[in-house]
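Structure first, commentary second.
The values are calculated or read from the model by the stated rules, or taken from the named source; none is laboratory data. Keep in mind that what you see is a predicted model, and the values were worked out from it rather than measured. All Cβ positions, even for glycine, are placed from backbone atoms using ideal geometry, and neighbour counts span all protein chains on display.
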Amino acid sequence: MGAEAACRMTFKGRTTRGKARLESNTLQFRGDEVRLSIPFTKVSSISVRDGMLSLTSPDGTASFELGASASRWAQKIRHPPSRLEKIGVKPEWKASAIGVEDQGFLDELERAIAELTVGRLVRNADAIFFGASRAADLSRLARLKTMLKPNGAVWVIRPKGRPEVSERAVMAAGKAAGLVDVKVVGFSPTHTAEKFVIPVSQRG
């Protein structure tokens, strides 16, 4: 989601100033002396009163002075976007999935789009979902680029905590393949997905 707000937070009887950030599945707060990350899945109650957003989790209740944004943030926490919504899937898409082992995602995707090819590339794809678990996998990005529509995208799905396919390594490989990284989303508890597109200047 990426919404940010400078605000005051009260937690365990202590109030501090800092920056709150609403991610796709967590609310994070960074202050001079306090750092807090609250996963939506751990939130047991949400309330909004007079511009104050309060979240209760196993760690306690944290209250954020967000003013007019409080209700909007509460709604997003109660109803976070699905991963298909975060990716921006469209029903008319033709897509390929290569090396993606998340069968649940493949089933969701197949139901949501016009055509999905698994394990094989198709030309003029709106999207290619590419599972990368080794550094050697990243060398395939240049080939994947040639199978996209001019405004299509490659989504690199990589495991978290693997230095050989870190965010830096994936971004460098994308750049080397002539692609531009434009978005990162939390794909699952274990994987991250990064979106790469053909630069506008190179689209025919």
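Have a look at Val89, Val100, Val118 and point out the one that is surrounded by 13 or more Cβ atoms within 10 Å (Cβ to Cβ) and farther than 21 Å from Val184 by Cβ. Don't jump to the end; show me each part of the working.
On the way: Val89 fails: farther than 21 Å from Val184 by Cβ; Val100 fails: farther than 21 Å from Val184 by Cβ.
After applying the criteria, what remains is Val118.
Tally time: how many residues in the stretch 19-60 are closer than 20 Å to Thr192 by Cα and either touching a His at 6+ places or on another chain (Cβ under 9 Å) or in a loop (DSSP other than H, G, I, E, B) (or both)?
Final tally of qualifying residues: 3.
Would you say Ser133 is of a type in the set (Ser, Thr, Tyr), in contact with a Phe, Trp or Tyr (Cβ under 9 Å, 6 or more places away or on another chain) and within 23 Å of Val170 (Cα to Cα)?
Working: of a type in the set (Ser, Thr, Tyr): yes; in contact with a Phe, Trp or Tyr (Cβ under 9 Å, 6 or more places away or on another chain): no; within 23 Å of Val170 (Cα to Cα): yes.
Considered against the rule, which asks whether it is of a type in the set (Ser, Thr, Tyr), in contact with a Phe, Trp or Tyr (Cβ under 9 Å, 6 or more places away or on another chain) and within 23 Å of Val170 (Cα to Cα), Ser133 comes out as no.
Just to verify a result, which residue in the stretch 1-22, among those that are charged (D, E, K, R) and touching a Ser or Thr at 6+ places or on another chain (Cβ under 9 Å), is surrounded by the most Cβ atoms within 10 Å (Cβ to Cβ)? Spell out the reasoning first.
From the stretch 1-22, those charged (D, E, K, R) are 4, 8, 12, 14, 17, 19, 21; that's our starting set.
From the residues that got through so far, the ones that are touching a Ser or Thr at 6+ places or on another chain (Cβ under 9 Å) too are 8, 12.
Details: Arg8: 15, Lys12: 9.
The selected residue is Arg8.
Please report, ordered by residue number, the helices (runs of 4 or more DSSP H) entirely within the stretch 86-196 with at least 2 residues that are more than 21 Å from the chain's Cα centre (by Cα).
Working: elements: 103-112, 141-145, 167-176.
Helices (runs of 4 or more DSSP H) meeting the threshold: 141-145.
To keep it simple, each residue is scored yes or no on (1) of a type in the set (S, T, N, Q); (2) under 26 Å from Pro39 (Cβ atoms); (3) in contact (Cβ under 8 Å) with a residue 60 or more places away in the chain.
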| site | (1), (2), (3) |
| --- | --- |
| Glu115 | no, no, no |
| Thr146 | yes, no, no |
| His191 | no, yes, yes |
| Val200 | no, no, no |
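Against the condition among the polar types (S, T, N, Q), surrounded by 13 or more Cβ atoms within 10 Å (Cβ to Cβ) and assigned by TED's automatic domain parsing to the domain that holds Arg111, how does Ser69 come out, does it pass? It would help to see each step written out before you state the result.
Numbers: among the polar types (S, T, N, Q): yes; surrounded by 13 or more Cβ atoms within 10 Å (Cβ to Cβ): yes; assigned by TED's automatic domain parsing to the domain that holds Arg111: no.
Taking the combined requirement at face value, the residue does not satisfy it.
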